[in-house]
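A short write-up of the structure that comes next.
The values are calculated or read from the model by the stated rules, or taken from the named source; none is laboratory data. Just so it is clear, the model here is predicted, and its values are computed rather than measured. Glycine also receives a Cβ, built like all others from the backbone with ideal geometry; neighbour counts cover every protein chain displayed. Please note that ligands, DNA and RNA were not included when accessible areas were found on the heavy atoms of the full protein model with its side chains. Shrake-Rupley method; radii C 1.70, N 1.55, O 1.52, S 1.80 Å.
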Amino acid sequence: MTAELHGKIGIVTGGTSGIGRDTAVLFAKTGAKVVVAGRREAEGKKTLDLVRVAGGDGLFVQTDVSRATEVQVLVRKTVEKFGRLDVAFNNAGIEGAWSPIAEQSEKDWDRTIDINLKGVWLCLKYEIQQMLKQGGGGAIVNMASVAGFIGSAGAAAYCASKHGVMALTKTAALENARSSIRVNVVCPAVIETPMGERLWGAPEAKKFALGLHPIGRFGTAMEIAEAVVWMCSDRASFMTGQSLVLDGGFLAGPNPPQ
Ligand code: NAD
C-alpha cells in the first residue's frame, strides 16, 4: 500500500527524469501538489504532463540547484502558487566525469560538488526557512547513494558529494527536530535510469555492476519513489536524521558465488 501525501505541497528537484520523475508522479498519485524543479524545460513539462495524467496538479520551475537565487525563486514560486511547502525531495544530481583523483580536473570536481552537495545545502536552506516561517513541520528527503557509505575507484567527487549529503542530512535533522521538520536521506544502489544507463549500460560494465547486487538485478526508479513517499509521509513520523538504503543487498557484504 502506498503512503498518503494527501493535501501536501511538495518539491522534487531533478524531477526532469529518472528517480525524480517517478517520485513526482507518485507524489501526485498519493495526493500531493508537486513542484517539479530542473534545468530542462521540455523534460520538466513532460513530467508535469505525467503528473496531470496521474490526476494531480503541479508546476514546473526551471531551476539549477547549484545557484542560490534559482533555489530561492523555486521556493518562492511554490509558495506563491500553492501557499506553503510541506515536503521536498532534494534529488537532483550528476555522476560527473569519472577518473582517478590524480587525473581529475578541478573543473570536474567543482561541478560535481556544486550540484550534488552545494545544491542539496541550498535546497535545505531555503526549504527549511520556509517551513520555519510556517511555524515548523515538514519532511525533507535528500538523495545520496550507496556511494554515501563506500568509496568507488574513479568516482572521488561523486562519493565525496554523497558522503557530504549524509552529513548535511544529520545536521539539518538535529537543527530542526524541535521544529518538527524531519530530514532523512535515501541511498540507492544502481537504478535503471538515464544516469544508470550512462554509467553501467555498456555490456562489460553492466556485468560487473550486476555482480555487486546480490538480488541479481538493478532497482527501478519507482522502487525508490515508494520509499521517498513513505519517508515524506506522516507514517514515518519518528524517522529523522536517518538513511534508508535500497540496494538489493549491495552493502550487506560480498555477493556469494551463484
Ligand atoms: P538522471 O540523470 O536520470 O536524473 C537526474 C536529473 O537531475 C536530470 O533530469 C538532470 O537534468 C537533473 N539535474 C542535474 N543537475 C541539475 C541541476 N544542477 N539542477 C537541477 N537539476 C539537475 O539520474 P537519476 O538516476 O534519476 O539520479 C537522480 C539522483 O539519484 C542523483 O542525485 C543520483 O546521484 C542519485 N542516484 C542515482 C543512482 C542510479 O543508479 N541511477 C544510484 C544512486 C543514487
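Given the criterion within 15 Å of the ligand (Cβ to nearest atom), modelled with pLDDT of 95 or more, farther than 23 Å from Thr16 by Cβ and hydrophobic (A, V, I, L, M, F, W, C), identify the matching residue among Leu210, Leu174, Leu199. Residue meeting the stated conditions: Leu210. Answer with yes or no whether Ala42 is within 16 Å of the ligand (Cβ to nearest atom), under 18 Å from Gln130 (Cβ atoms) and not in a loop (DSSP other than H, G, I, E, B). In short, no. Within the option set Thr30, Thr63, Thr13, Thr47, being in contact (Cβ under 8 Å) with a residue 24 or more places away in the chain, in contact with a helix residue (DSSP H, G or I) (Cβ under 7 Å, 6 or more places away or on another chain) and away from the ligand (no atom under 16 Å from the Cβ) holds for one residue only, Thr30. Take the conditions (1) open to solvent by 30 Å² or more (accessible area, probe 1.4 Å); (2) among the small types (Gly, Ala, Ser); (3) part of a loop (DSSP other than H, G, I, E, B); Gly136 misses just one of them, which is (1). Residues in segment 81-120 that are in contact with a Cys (Cβ under 9 Å, 6 or more places away or on another chain) and over 24 Å from Trp200 (Cα atoms): Asp86, Val87, Ala88, Phe89.
Scanning segment 182-208 for residues that are part of a strand (DSSP E or B) and basic (Lys, Arg) yields a single hit, Arg182. The number of residues in segment 213-231 that are touching a Leu at 6+ places or on another chain (Cβ under 8 Å), outside any helix (DSSP H, G or I) and more than 14 Å from the ligand (Cβ to nearest atom) comes to 1.
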